[in-house]
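Let me begin by presenting the structure, written as structure tokens, before commenting on it.
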Amino acid sequence: MDITKEDVSQLNSLIRIKLTPSDYKNDVDTAIKKFRKSATMPGFRAGHVPEGMIRKMYGKSFLADELNRIVSKSLHEYLKENNLMVLGDPLPKDSDHSNNFEDPTDFEFLFEIGLAPAINFDASSVAAVDFYEIEVDEKRVETYIDDLRRKHGKFSNPEQAEENSILYGELSELDENGNVKEGGITSTTTLSVELVKEADTKKKLIGIKKDDTVVINPAKAMQDATEVAYMLRIEKDKAEKLTSDFQYKILSVNKVEKADINQELFDKVFGENAVTTEQDFRDRVKADISAMFHQETIHKFNHDTEDAILKQMNLKLPDEFLKKWIMTMNEKPITNEQLESEYPSYSREMQWRMIENDIAVKQNIKVEEQDLNHYAMSVVMQQFGQYSLGADMIEDFAKRYLQKQENVNKAAEAVKSKKVFDYLNQTVPKNVKQVTYDEFMTIVREHKH
């Protein structure tokens, strides 16, 4: 057997594997003899079919199987022994040599491989990344407390809607003639009257009763694409372009009387006697908001750090090979247009995974069994958060989750990624900026565009 590597470019090579009869003949003969022991054929007892007949009928199939096994094993061992870090999988390539399965002698197999670029990451060389600290203003605290008072308030069903009512009904998109649009957007959803910004729409809704129908324009009424997207269960970018009127059939009129700010509310929100004064309650609310904001700023910092490192590293990939590999390996057919559109995102993800793995190795970051268990329990609690599951049940569900290898792999990647970002959070210098929440959201939106 002879295996050679021919470099096409810095990150693209050909692996040529040449086999002679001495490399495969014994394996093929052994496979045929083994098959003959149990082979059945009309006119012959089991195990007594002539070997020549088996070779004539199945010889090429056995030859192909053994060649495939030998070549696959040899290629894998060659890549490992030579420390060749490949991206994707080796792709078979037509060779000038003609492989003759009718009269087998020498065989040659050619594979194209894409090589991973060298990674030499140094966290200390990364320039300072903006880190936003969001100020929690009193207006935000009041809004949050207001929401808590609604959540723990008393519900009633008045005959007709008032400004503080919450409507529940069916929204159906209308066409330009005012008829329900065939195949249009429909959604059964709630609508808080006091959140409606357009005066004319709010006026229509006040006084409305159960089973009444009203025509509204969600985009004009809410003047907030996020609210419209939530109401209609559609993507935000689709909501931003929406101009249609909708029919809203009222299924129920609801009203919530806000809970008083007292010990009963404190206990419902934070647990019995955890908070005993209104000032402590407000302080806890402010701390909770601050913690939520901190998670958002960490997420933003992580994303910006990833951007900065990718820009600094400026890794080159064997793009043409990877595009060919994606087209070959994709389960569903993919067009060239789709490939060109999606490849930048795929390339970025692959580059980051390589850098992330390099950091994990150099910093000796490991994923322990308890890490996987904690991740699995967090998944369970997120999925079943609305139910009061006991600790034993959560643990049992987590064990079941980890019985699937794909879930174990997913958990391991997530844990490793978090540990890498924890390391970067401690290492990469921060350029701290104080902002309001609205300013922060503007920065996030501008970054997306």
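Here are some notes:
Yes/no matrix, rows are residues, columns are (1) out of contact with any Ser or Thr (no Cβ under 6 Å at 6 or more places or on another chain); (2) over 24 Å from Ile298 (Cα atoms); (3) of a type outside the set (S, T, N, Q); (4) not in a helix (DSSP H, G or I):
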| position | (1), (2), (3), (4) |
| --- | --- |
| Arg353 | yes, no, yes, no |
| Ile359 | yes, no, yes, no |
| Asn373 | yes, no, no, no |
| Val380 | yes, no, yes, no |
| Leu389 | yes, yes, yes, yes |
| Lys410 | yes, no, yes, no |
| Val415 | yes, no, yes, no |
| Asp422 | yes, no, yes, no |
| Phe440 | yes, no, yes, no |
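- The residues in the range 222-231 that are within 21 Å of the chain's Cα centre (by Cα) and buried (at least 19 other Cβ atoms within 10 Å of the Cβ) can be counted, and the count is 1.
- Filter result (more than 9 Å from Leu232 (Cα to Cα) and β-branched (Val, Ile, Thr)) within the range 171-188: Val180
- Evaluating Asp212 against the criteria (1) farther than 24 Å from Ile145 by Cα; (2) touching a strand residue (DSSP E or B) at 6+ places or on another chain (Cβ under 6 Å); (3) surrounded by fewer than 16 Cβ atoms within 10 Å (Cβ to Cβ); (4) not hydroxyl-bearing (Ser, Thr, Tyr) leaves one unmet condition, (3).
One line per residue, one yes/no per condition, for (1) touching a helix residue (DSSP H, G or I) at 6+ places or on another chain (Cβ under 9 Å); (2) at positive phi:
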residue: Leu317; (1), (2): yes, no
residue: Leu322; (1), (2): yes, no
residue: Met327; (1), (2): yes, no
residue: Glu340; (1), (2): yes, no
residue: Pro344; (1), (2): no, no
residue: Arg353; (1), (2): yes, no
residue: Glu356; (1), (2): yes, no
residue: Asn364; (1), (2): no, yes
residue: Val367; (1), (2): yes, no
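- Condition check for Lys197: closer than 22 Å to Ser156 by Cα and either assigned to a loop (DSSP other than H, G, I, E, B) or not hydrophobic (A, V, I, L, M, F, W, C) (or both): no
Since every read-out is calculated from the coordinates, none of them should be taken as a lab result. Please read these numbers as outputs of a predicted model, since none were measured by experiment. Note that we place each Cβ from the backbone using ideal geometry, even for glycine, and neighbour counts take in every protein chain shown.
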